[in-house]
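Got a structure for you, questions after.
The values are calculated or read from the model by the stated rules, or taken from the named source; none is laboratory data. The model shown is predicted, which means the values in this text are computed figures rather than measured ones. Here the Cβ positions follow ideal geometry from the backbone for every residue, glycine too, while neighbour counts run over all protein chains shown. When the accessible area is computed, the model is the full protein with side chains, heavy atoms only, and any ligands, DNA or RNA have been set aside. Shrake-Rupley method; radii C 1.70, N 1.55, O 1.52, S 1.80 Å.
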Amino acid sequence: MAQVLVVTSGKGGVGKTTSTAALGAALAQDGERVVVVDFDVGLRNLDLVMGAERRVVFDLINVIHGVAKLQQALIRDKRLENLCLLPASQTRDKDALTEHGVARVIAELRTKFDWIICDSPAGIERGATLAMRNADAAIIVTNPEVSSVRDSDRIIGLLDSKTAKAERGERVAKHLLITRYHPSRAARGEMLSIDDVLEILSTPLLGIIPESEEVLRASNVGTPVTLNNTLSAPALAYFDAARRLKGEEIPLVVPSASRGIFNRLFGRKAA
Amino acid sequence: MSLFDFFRRGSAPVARERLQILLAHERAAARGQSDLLGVLREEILAVISRHISFEPDRVQIKMDRGKSVSTLEVDIEIPNGISGAFAAAQ
């Protein structure tokens, strides 16, 4: 059965789009049929991170308004044939998204894909609530930093109240993805530790993505980090996170302060 | 980095404590709980200030939730100079 995921955070710039692209490509490399959907109307960037910016003809809003068919708007990845992108519009404002229209498109995507990954805009406005609206599960992207953690807490509250599942009395499964983690700074007590963030947000951990120049390098060339350098530390962390999403039990390892070596086994059970 | 910073054990514990306090308030407010006191306080002050002048920070409002009975305690300190208005009204 298809899984609808929303990648959300509240705060901007924490790595939602990077994570959407990386997890989408990781799942697709594992043979899953994946579509990544950009909900950031007016400020789309998933097309750029996926390297498909020059192939966008129709977008999500065209499909919602009946200007284009879903098949016309879906962009098939050139590297992975089972990975597609549904871009957002760059010109229209976010009021062009309707709750009914979004629900209809997601329902149609459910019949064609195994995973529908919705890249939420920052904030807690309409665009963000529509992105999470139809989700079965949420990936909350958090940096180990006070404003990001606070905004994540707010988003967790919205997931428990504003989603279709919550309104039916069910729960949206929540997974925490900690990005831009600096092992050495955490070890020196300069950065919130993984345990601090987990205790404060009390949400199961999906993965820890270490800060790495590979992430910028991948977005520079328009390739998800899990396709660009599959052996880099962030790529390996995203591959593990993708397998956890599929229900595999992969032990979680906190990136350690000693450079490049992931050696401290983390006792906590994964999400 | 100053010498003081060198001996201090990082700023993460401060971040953690600030977040825990802040989120406790925000979560309660989101559930519509602790804000009841805030709303009560504002409305009670508005009613009383129509008749008597007093210092808003000399007002204490407490709520105790018990198993069968809860109590709301309102303690307003009124300066003697203007309590005449209060007596005259009776």
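Using a 1.4 Å probe on the protein chains only, how many percent of the accessible area of chain A belongs to carbon and sulfur?
It is 48 percent, rounded to a whole number.
Once R0 is set to 35 Å, what does the formula 1/(1 + (r/R0)^6) return for the Cβ-Cβ distance between residue A:33 and residue A:147, expressed as a FRET efficiency to the nearest 0.05?
Approximately 0.45, to the nearest 0.05.
Which order do A:105, A:57 take by accessible area at a 1.4 Å probe, largest first?
A:57, A:105
Averaging sequence separations of C-alpha pairs under 8 Å and six or more residues apart, then dividing by the length of the range A:50-163, give the relative contact order as a whole percent.
Relative contact order comes out at 17 percent.
Using a 1.4 Å probe and counting only protein heavy atoms, how much accessible surface gets buried when A and B come together, both sides summed, in Å² to the nearest 100?
1200
Another question about this same structure. Work out how far the C-alpha atoms of the protein assembly as shown reach from end to end along every principal axis, then list the three figures in whole Å, largest first.
Ordered largest first, the protein assembly as shown gives principal extents of 86, 59, 40 Å.
Another question about this same structure. Let me see the pair-distance distribution of the range A:42-157: every alpha carbon pair, 10 Å bin width, integer percents in order.
12, 43, 34, 10, 0
Enter the accessible area per residue of the protein assembly as shown (Å², integer; probe 1.4 Å; all protein chains in place).
Accessible surface, normalised per residue, equals 52 Å².
Evaluate E = 1/(1 + (r/R0)^6) for residue A:108 and residue A:202, where r is the Cβ-Cβ distance and R0 equals 45 Å; express this FRET efficiency to the nearest 0.05.
Using R0 = 45 Å, I get an efficiency of 0.80.
Let me ask you something else. How much accessible surface area, in Å² rounded to 10, belongs to the heavy atoms of residue A:221 with a 1.4 Å probe?
Its heavy atoms expose roughly 90 Å² to the probe.
What is the gain in length, in nm to one decimal, between residue A:230 and residue A:53 on full extension, counting 0.36 nm per residue of separation less the C-alpha to C-alpha distance?
Stretched out fully, the residue A:230 to residue A:53 stretch lengthens by 61.5 nm.
5 Å is the cut-off here: which amide hydrogens, built 1.01 Å from N in the peptide plane, fall below it relative to residue A:177, excluding neighbours closer than 5 in sequence?
Amide H to amide H, under 5 Å and 5 or more residues apart or across chains, residue A:177 pairs with A:140, A:141, A:142, A:206.
What FRET efficiency comes out for the pair residue A:188/residue B:77, r = Cβ-Cβ distance, R0 = 41 Å, nearest 0.05?
0.25
What is the mean number of Cβ atoms from other protein chains located within 10 Å of the Cβ atom of each residue in peptide B:12-22, rounded to a whole number?
Partner-chain Cβ atoms within 10 Å, mean over residues of B:12-22: 5.
Over the whole of A:140-152, what's the average partner chain Cβ count within 10 Å per residue? Rounded to a whole number, please.
Per residue, the number of nearby Cβ atoms from other chains is 2 on average.
Next up: In square nanometres, what is the average projected area of the Cα convex hull of the range A:1-77?
5.9
Normalise the Cα radius of gyration of the range A:114-224 by 2.2 N^0.38 Å (N = residues in it) and let me know the number.
This ratio for the range A:114-224 stands at 1.15.
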